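Written out below as structure tokens is the structure these notes cover.
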Amino acid sequence: MRVHLRQAARARKPLPGPARPLKPSIMSTQGLILTISCPDRRGIVAAVSAFLAQRDCNILDAQQYDDAETGMFFMRVVFAPDSYGADDLRESFAEVGETFAMTWSLRDPKVRKKVMILASKSDHCLADLIYRWRIGELPMDIAGVISNHPADTYRHVDLSDLPFHHLPVTKDTKLEQEAQVWTLIRDSGADLVVLARYMQVLSDGLAAKLEGRCINIHHSFLPGFKGAKPYHQAHARGVKVIGASAHFVTGDLDEGPIIEQDVERISHRDTPDDLIRKGRDIERRVLARAVRWTLEDRVLLNGRKTVVFTD
């Protein structure tokens with residue numbers, strides 16, 4: 001039975017205690033999120049708009065992009081439904097999607113995505129993600145933390161109430177350890193996997209299983225200085241800026257579609273340790289932005305690139 005959203009809102013009892021301020025994000029609205037990618041042709045926007053209008057849906061935010069190079073069209077629409085639920089709209093939108101050969105998703109942001117975080121010895125990205133999650137900045141459910149180091153490595157990180165899995169790995173046990181990692185990801189129902197400075201190269205097999213839903217933070221401004229010790233590589237080349245890149249994981253090391261990047265100026269006085277210290281701040285904020293945008297369905301794959309509808 002359908003329940004009119006306005007009636008449900010009037011019937012809802014207020015939460016006890018002081019009201020918490022809403023974050024300045026479209027995720028805090030009551031709208032549904034529709035994302036679309038398909039071959040570009042006339043009539044796509046008209047068809048989507050007509051579909052929503054015919055069902056008394058109010059568009060709250062809309063962004064689109066035509067890629068002339070690839071001939072692909074991308075769209076993200078946030079809308080408030082009136083009397084139709086998400087399941088009903090998905091069922092009826094399927095015909096529109098088929099007509100335009102769309103890859104599409106219609107999601108209720110109140111149903112938060114499950115995220116599995118993988119980390120190694122460095123804890124700054126892990127600590128930052130958990131902090132942002134605890135204060136409500138990252139609307140996700142953390143399915144767990146997987147590390148190849150024991151829990152006492154993260155004595156400065158609040159891991160309370162979070163499932164923690166210590167899975168040590170060596171060159172000889174890599175395949176067995178990855179099988180355990182995959183089992184935890186699969187059984188948890190994780191929608192997204194985040195490599196928060198997880199210093200293990202994923203095998204082609206695991207990377208393929210996580211295609212399009214695994215984000216890595218690389219401590220360098222890709223495509224330059226790939227692989228190990230990028231800050232030392234940058235210092236040896238005398239660069240004047242350093243950066244970090246968040247990208248989707250693929251079977252090719254540090255070659256996945258880039259989601260977000262940032263840089264900071266340095267000087268000839270900076271040592272490799274200075275670059276590492278400054279780099280930690282860049283890595284934290286770049287990874288946090290990439291994760292948030294992905295949680296908000298703002299990131300669409302476009303071949304080896306991404307389309308990011310920033311807020």
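Just a few scattered comments:
- Annotation: aspartates and glutamates with alpha-carbon distance below 13 angstrom to Lys209 (same-chain offsets under eight excluded): Glu178, Asp191.
- Here Lys278 is the anchor, and the aspartates and glutamates within straight C-alpha reach of less than 14 Å, apart from those fewer than 8 places off in the same chain, are Asp262, Glu264, Asp270.
- Full extension of the chain between Val111 and Thr170 gives 17.5 nm of extra length, using 0.36 nm per residue less the Cα-Cα distance.
- Local electrostatic count at Arg289 - Lys and Arg +1, Asp and Glu -1, tallied over other residues with Cβ under 12 Å: -2
- Candidate values (i) 1.05; (ii) 1.10; (iii) 1.66, label of the one derived for Cα Rg over 2.2 N^0.38 Å: (ii)
- The residue among Ile217, Leu301, Ile282 whose Cα reaches farthest toward the positive pole of the charge dipole of the range 172-311, with charges on the beta-carbon of Lys, Arg, Asp and Glu, is Ile282.
- Selection among His156, Leu52, His124 by position relative to the dipole of the chain gives His156 as farthest towards the positive end (Cβ unit charges, Cα centre).
- Rounded tilt (10° steps) of 174-188 against the dominant C-alpha axis of the chain: 30
- Summary of the geometry: the range 68-85 and the range 128-172, compared by the centres of their Cα atoms, lie 34 Å apart.
- Gln180-Asp61 pseudo-label distance in nm [points 7 Å out on the Cα-to-Cβ vector]: 4.0
- By DSSP, the beta bridges lying fully in the chain are antiparallel in about 70 percent of cases.
- Between Gly227, Val241, Tyr198, the Cα set farthest toward the positive side of the dipole of the range 195-311 (charges on each charged residue's Cβ, about the Cα centre) is that of Val241.
- Linear extension gain, Asp187 paired with Gln54, 0.36 nm per residue minus alpha-carbon span: 43.9 nm
- Assuming charge only on the beta carbon of Lys and Arg (+1) and of Asp and Glu (-1), the dipole of the chain about its Cα centre is about 820 debye to the nearest 20.
- Summing Cβ point charges (Lys, Arg +1; Asp, Glu -1) relative to the Cα centre of the range 113-295 gives a dipole of roughly 460 debye.
- With contacts taken as Cα pairs under 8 Å and at least 6 residues apart, the range 99-196 reaches a relative contact order of 37 percent.
Computed from the coordinates by the stated procedures, all read-outs in this text should not be read as laboratory data. Since we're looking at a predicted model, the values are computed, not measured. A quick note on method: Cβ atoms are made from the backbone with ideal geometry, for glycine too, and the neighbour counts reach across all protein chains shown.
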